[in-house]
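The values are calculated or read from the model by the stated rules, or taken from the named source; none is laboratory data. Computed from a predicted structure; not experimentally measured. As a convention, Cβ positions derive from the backbone with ideal geometry for all residues, glycine included, and neighbour counts pool all protein chains shown. Please note that ligands, DNA and RNA were not included when accessible areas were found on the heavy atoms of the full protein model with its side chains. Shrake-Rupley method; radii C 1.70, N 1.55, O 1.52, S 1.80 Å.
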Amino acid sequence: MNGAESLVRTLLDEGVEVCFTNPGTSEMHFVAALDRIEGMRCVLGLFEGVVTGAADGYWRISQKPASTLLHLGPGLANGLANLHNAKKARSGIVNVIGEHGTAHIALNAPLTSDIEGVARPMSHWVHTIGSSMGVQASTRAAVQAAATPPGRIASLVLPADCAWNEVPAAQQASTGRAPRLARRAPDLASIEAAAAVLRSGEPTLLLLGGVACQEGALAMAGRIAAATGCELMSEFSMARIQRGAGRVNAPRIPYVPDAAMGVLKPFRNILMVGCTEPVSFFAYPDKPGRQSPPGSRLLQVAQPDHDLDGTLAALAEALGARGTAPKGVSALQRPALPDGPLTLEGIGQVIAALIPEQAIVVDESVTGGRALGGVTATAAPHDFLTSCGGAIGFGLPTAIGAAIAAPDRKVLVLEGDGSAMYTIQSLWTMAREGLDITVLIFANRAYRILQGEFAGVGAGTPGPRANHMLNLDNPTMDFVGMARSMGVESGRATDLGSLARELSRGLASKGPYLVEAVL
């Protein structure tokens with residue numbers, strides 16, 4: 001058994017069952033090992049940002065790390081934007097990054113680079129294997145690091161000679177799965193402090209993030225709200241929130257700073273469970289970066305790596321709320337399908353009417369999605385995934401990982417046209433793997449968010465050259481044609497009626513389907 005085979009066997013021993021790949025020459029022994037050893041699903045992405053984004057989506061739904069396979073430093077660098085998003089989403093990923101053979105590094109061949117230096121800013125754990133004898137222990141440590149709550153990025157560098165060299169027979173036996181670290185126990189002092197705030201009667205917000213936005217934790221938060229009168233919200237950037245009929249609604253803090261500060265203004269206290277302090281994405285002239293009102297009290301009840309279900313249960317127990325009916329449970333209320341021209345409000349109604357039961361909705365519609373929150377709160381129960389790091393090109397790859405993690409569930413992607421072009425190669429992988437994904441492209445032919453930000457930061461009115469950098473026309477992109485060229489069936493919508501027809505067709509299909517909504 002060589003080092004590459006040891007690595008594959010150890011990944012499988014550790015419960016890693018999927019490898020999202022974009023390999024090169026240095027990784028051919030690892031590719032050969034994946035070919036020879038049964039048990040690992042290998043998914044090819046045509047760009048490394050697809051690979052890393054898919055691994056992010058897989059963790060969000062399965063809560064298990066997948067492996068990536070990346071080619072040297074430049075291949076890793078191509079995947080860094082979606083590793084940034086995954087790190088902010090607190091996803092667990094094991095990156096396997098090929099490296100030149102140990103003796104070859106000194107020759108400074110064209111692809112030689114400081115791989116650890118490239119990996120470190122987007123990783124929690126980085127390690128280079130020193131010999132084939134160290135493959136098993138290093139791989140177990142990488143998976144353990146990735147699975148450490150709430151989820152971490154582990155980057156394991158595999159020199160080519162460590163892959164092709166034989167592992168001594170004495171080291172070939174499995175040593176058993178590395179122990180998994182548990183979430184931290186609830187902080188009883190913080191829980192008691194939060195209970196005192198909630199008993200005070202002061203206007204208080206219970207702000208949720210991480211796994212506190214899944215159904216059971218939301219129900220417990222709803223009991224606390226019913227017993228105390230506090231309000232519930234979730235942070236804007238959500239790795240995964242479970243929404244829709246039968247679930248407690250925790251609206252997201254708005255993206256726009258003025259709107260965010262407006263909804264937070266009434267609160268004297270903000271209790272944070274599994275999230276961090278609400279701040280604006282960017283700095284704006286003469287506006288604060290913090291969105292909480294001046295003089296308000298922020299209390300960190302639980303960090304993202306705490307046992308958040310246990311924290312909310314303990315808080316409810318302290319308040320005598322365990323038996324209280326939850327406040328804010330959404331009832332199913334599908335809107336009627338509207339007619340007329342395409343508007344963001346109308347698109348939101350169509351989506352809310354058609355979301356399938358237990359669908360996974362991946363939202364990178366950017367400006368187009370801002371009308372969705374209220375109207376989809378009473379849609380069929382669904383999971384809602386958003387970008388947590390703000391690097392665009394997140395939506396299509398994340399949908400791949402989510403679909404592989406949950407093959408029995410429909411995945412719906414809400415995607416801006418500008419964002420889609422960052423990782424458009426995802427469509428090819430969706431077709432090749434036969435994934436049950438419907439993609440809705442908001443084709444407004446512009447970086448619409450940047451047009452709004454231009455004014456928001458006080459840059460004035462865009463002139464011809466500025467508009468040339470913010471518009472996506474001349475030439476106009478044909479997403480229907482692009483999708484078909486990569487094996488994905490597609491259709492175009494120019495009004496709400498055709499949108500409902502095309503989206504229904506896509507949602508009824510069992511493979512990938514793309515709808516281009518021309519705004």
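Table for the structure above
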quantity: Convex hull projection area averaged over all views, the stretch 340-400, Cα basis, nm²; calculated: 4.5
quantity: Residue 148 long-range amide H proximity, modeled H, under 5 Å; calculated: none
quantity: For the stretch 255-298, average projected area of the Cα convex hull in nm²; calculated: 3.2
quantity: Segment residue 112-residue 484, length gained on full extension (0.36 nm per residue, minus Cα span); calculated: 130.2 nm
quantity: Computed Rg/Rh of the chain, alpha carbon atoms with Kirkwood Rh; calculated: 0.99
quantity: Alpha carbon convex hull of the stretch 422-519, projected area averaged over orientations, nm²; calculated: 7.2
quantity: Volume in Å³ per residue [convex hull over Cα atoms, computed for the stretch 65-171]; calculated: 85
quantity: Per residue accessible area in Å² of the chain, where ligands, DNA and RNA are left out and the probe is 1.4 Å; calculated: 38
quantity: Residue-by-residue Karplus 3J(HN,Hα) for the stretch 205-222, coefficients 6.51, -1.76, 1.60, Hz, glycine and proline x; calculated: 10, 9, 9, 10, x, x, 6, 5, 9, 9, 3, x, 5, 4, 4, 5, 4, x
quantity: Rel. contact order, % - alpha carbon contacts under 8 angstrom, at least six apart, the stretch 299-355; calculated: 23
quantity: Ratio of Rg to Rh over the stretch 300-342 (Cα coordinates, Kirkwood Rh, two decimals); calculated: 1.32
quantity: Cα Rg, Dmax, the stretch 1-81, angstrom units; calculated: 12.2, 35
quantity: The stretch 317-360 - convex hull of alpha carbons, volume per residue in Å³; calculated: 132
quantity: Residue 334/residue 105 FRET efficiency (R0 60 Å; Cβ-Cβ; nearest 0.05); calculated: 0.50
quantity: Value of D in µm² per second that Stokes-Einstein yields for the stretch 159-268, Kirkwood Rh from Cα pairs, at 20 °C (1.002 mPa s); calculated: 121
quantity: Cα centroid separation, the stretch 356-433 to the stretch 475-519 (Å); calculated: 15
quantity: Fraction of antiparallel bridges per DSSP, the chain only, in percent to nearest 5; calculated: 10
quantity: Stokes-Einstein D (µm²/s) once Rh is taken as the Kirkwood radius of the stretch 271-318 over alpha-carbon pairs, at 25 °C in 0.890 mPa s; calculated: 195
quantity: Neighbour cut-off at most 12 other Cβ (10 Å), DSSP loop, GluC sites (Glu not before Pro), the stretch 1-65; calculated: 38
quantity: The stretch 86-244: radius of gyration over Cα atoms, expressed as a fraction of 2.2 N^0.38 Å; calculated: 1.50
quantity: ³J(HN,Hα) computed for each position of the stretch 16-23 - Karplus, 6.51 cos²θ - 1.76 cosθ + 1.60, integer Hz, glycine/proline x; calculated: 8, 10, 10, 10, 8, 10, 8, x
quantity: Stretchable slack from residue 494 to residue 457, in nm (0.36 nm times residue separation minus alpha-carbon distance); calculated: 10.1 nm
quantity: Alpha-carbon centroids, the stretch 188-259 and the stretch 77-149: separation in whole Å; calculated: 36
quantity: Karplus-derived HN-Hα couplings along the stretch 31-40 (A = 6.51, B = -1.76, C = 1.60, θ = phi - 60°), whole Hz, x at Gly and Pro; calculated: 4, 4, 5, 4, 6, 7, 9, 6, x, 9
quantity: Helix-derived mean residue ellipticity, 222 nm - over the chain, DSSP H n ≥ 4, -39500 (n - 2.57), to 500; calculated: -10500 deg cm²/dmol
quantity: For residue 270, distant residues with modelled amide H under 5 Å away; calculated: 205, 297, 298, 299
quantity: Whole-number D in µm² s⁻¹ for the stretch 1-146, Kirkwood Cα-pair radius fed into Stokes-Einstein, 37 °C, 0.692 mPa s; calculated: 218
quantity: Amide hydrogen neighbours beyond the local backbone of residue 126, cut-off 5 Å, H modeled; calculated: 155
quantity: Two-decimal Rg to Rh for the stretch 185-342 - Kirkwood Rh, Cα set; calculated: 1.00
quantity: Of every Cα-Cα pair in the stretch 371-433, the percent that sits beyond 12 Å; calculated: 72
quantity: Check: the chain dipole with +1 on Lys, Arg Cβ and -1 on Asp, Glu Cβ, in debye; calculated: 1040
quantity: Whole-percent carbon and sulfur share, accessible surface of the chain, 1.4 Å; calculated: 55
quantity: Rg [Å, one decimal], Dmax [Å, integer] - the stretch 463-519, C-alpha atoms; calculated: 14.2, 46
